[in-house]
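Here is the structure we will look at, set down as structure tokens.
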Amino acid sequence: MTTNMESNYDRAKEVKEFDETKAGVKGLLDAGVVKIPRIFIHVMEKLENRLSENYGTSLQVPVIDLGDFINRPREEIVNEISKASETWGFFQMVNHGIPVCVMEEMIGGIKRFHEQPREVKMEWYSRDVKQRVRFYCNGDLLVAKSANWRDSIACHYNDSVLDSDALPLVCRKEISNYMDGLIRLKEELSKLLSEALGLSSDFLSNIDCMKTASLVCHYYPWCPEPDLTLGASKHSDPSFITILLQDNIGGLQVLHQNNWVDVEPVKGALIANIGDLMQLITNDKFKSVEHRVLAARVGPRISAASFLYPSIASKCKPYGPIKEFLSNNNPPIYRETSHEEYQAYYKSKGLDGTSALLHFKL
């Protein structure tokens with residue numbers, strides 16, 4: 001019976017029919033589904049590995065106060081960032097300069113966009129990655145073995161610039177205000193990360209690796225069968241660094257010491273996680289770690305990830321292990337690659353549970 005079901009299943013047809021609705025996952029719920037379509041089922045995901053409490057709750061992603069330069073030496077904060085980047089690849093930032101009200105308004109704006117009528121949202125629906133602002137469901141829908149239970153709107157800030165008039169009116173003010181603050185934050189974070197690497201504070205700025213921001217605003221609706229799917233498959237990010245805003249629902253997990261650990265929401269915090277390209281140029285000093293998002297019966301969960309990349313002028317620039325980190329005892333682990341090449345390979349591979357970095361090892 002199983003063999004017959006397998007042979008009769010046409011995944012490509014189901015994907016095409018779903019994509020052509022331009023309604024995303026929320027459209028399925030609006031249509032009244034009580035069982036998730038097969039394209040969303042993650043057959044390899046082990047139920048017993050979903051919850052972090054199976055491994056104890058003593059592990060916690062580091063929380064770093066970026067605004068405490070008065071009471072603590074800058075070197076102490078830099079050392080915390082260095083340790084977190086080397087051991088966790090993740091850390092939460094508080095007192096980072098973006099007001100809590102701006103963050104809360106951003107979450108509200110994202111929610112409003114995704115909860116508009118389908119006929120309004122579908123005008124923004126596109127799989128053309130060259131489109132500066134677009135709505136879609138699963139960027140790797142056409143290549144992934146299993147789709148994720150989420151919808152997204154992406155806004156591409158080439159060289160940190162995007163005309164606010166290009167944004168949907170329903171969330172234009174909220175995204176603009178948030179991104180103004182985030183662009184200021186990433187300049188300070190660039191200095192702190194440079195110092196955490198033991199380099200001059202302008203090092204990362206000088207190599208032009210965090211100029212462009214790709215903002216992806218995710219909407220994870222409640223799921224009728226959360227044990228069968230995921231909000232986001234296990235993956236690491238193809239960026240140099242990612243800055244994430246999440247609401248208070250939770251669901252984000254990071255793989256640490258072979259355990260899935262919840263990244264508990266902290267009021268007013270933003271999350272920074274090291275990307276693949278940062279691991280590559282630091283020759284594995286800073287770690288780009290795998291993470292995922294669980295599906296849940298509660299929701300929607302809202303998040304906004306800002307992936308930081310080189311400027312448009314540097315998208316073909318070769319990046320390799322920083323020479324200051326290399327020696328006879330520490331030879332280069334990776335070959336040089338450009339952001340454009342790395343991104344193309346990452347997208348062609350899809351979120352298949354393996355790191356794209358392996359492809360670039362020497």
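In region 114-133, the residues that are farther than 15 Å from F18 by Cβ reach residues that are loosely packed, with under 13 Cβ neighbours inside 10 Å with C-beta atoms within less than 6 angstrom, at least six apart or across chains, in these pairs: R132/A166; V133/A166.
Of all residues in region 208-218, those being of a type outside the set (D, E, K, R), open to solvent by 10 Å² or more (accessible area, probe 1.4 Å) and farther than 19 Å from A344 by Cβ number 2. Screening L351, L357 for residues that are buried (at least 17 other Cβ atoms within 10 Å of the Cβ) and at pLDDT below 95 leaves exactly one candidate, L351.
For region 248-267, the candidate set comprises residues that are hydrophobic (A, V, I, L, M, F, W, C) and in a strand (DSSP E or B); within that set, the residue that is most open to solvent (accessible area, probe 1.4 Å) is L255. Restricting attention to region 157-172, the residues that are acidic (D, E) and surrounded by 12 or more Cβ atoms within 10 Å (Cβ to Cβ) total 1.
Restricting attention to region 53-71, the residues being at pLDDT below 85 and either among the basic types (K, R) or closer than 16 Å to I271 by Cβ (or both) number 1.
Contact annotation: residue pairs with Cβ atoms under 6 Å, 6 or more positions apart or on different chains, pairing a residue in region 313-331 that is among the hydrophobic types (A, V, I, L, M, F, W, C) with a partner that is assigned to a helix (DSSP H, G or I), are C316/E340; I322/I281. Taking the conditions (1) open to solvent by less than 10 Å² (accessible area, probe 1.4 Å); (2) in contact with a strand residue (DSSP E or B) (Cβ under 6 Å, 6 or more places away or on another chain) in turn, D276 satisfies each one other than (2). Within region 284-292, is even one residue within 19 Å of P62 (Cα to Cα) and open to solvent by less than 10 Å² (accessible area, probe 1.4 Å)? The answer is yes; a qualifying residue exists. Report, by residue number, each residue of region 293-339 that is open to solvent by less than 20 Å² (accessible area, probe 1.4 Å), hydrophobic (A, V, I, L, M, F, W, C) and closer than 30 Å to K267 by Cα. Hits for region 293-339 are V293, A295, I302, A304, A305, L308.
The values are calculated or read from the model by the stated rules, or taken from the named source; none is laboratory data. Just so it is clear, the model here is predicted, and its values are computed rather than measured. So basically every Cβ, Gly included, is an ideal-geometry build from the backbone, and we count neighbours across all protein chains shown. Note: areas computed on protein heavy atoms with side chains; ligands, DNA, RNA excluded. Shrake-Rupley method; radii C 1.70, N 1.55, O 1.52, S 1.80 Å.
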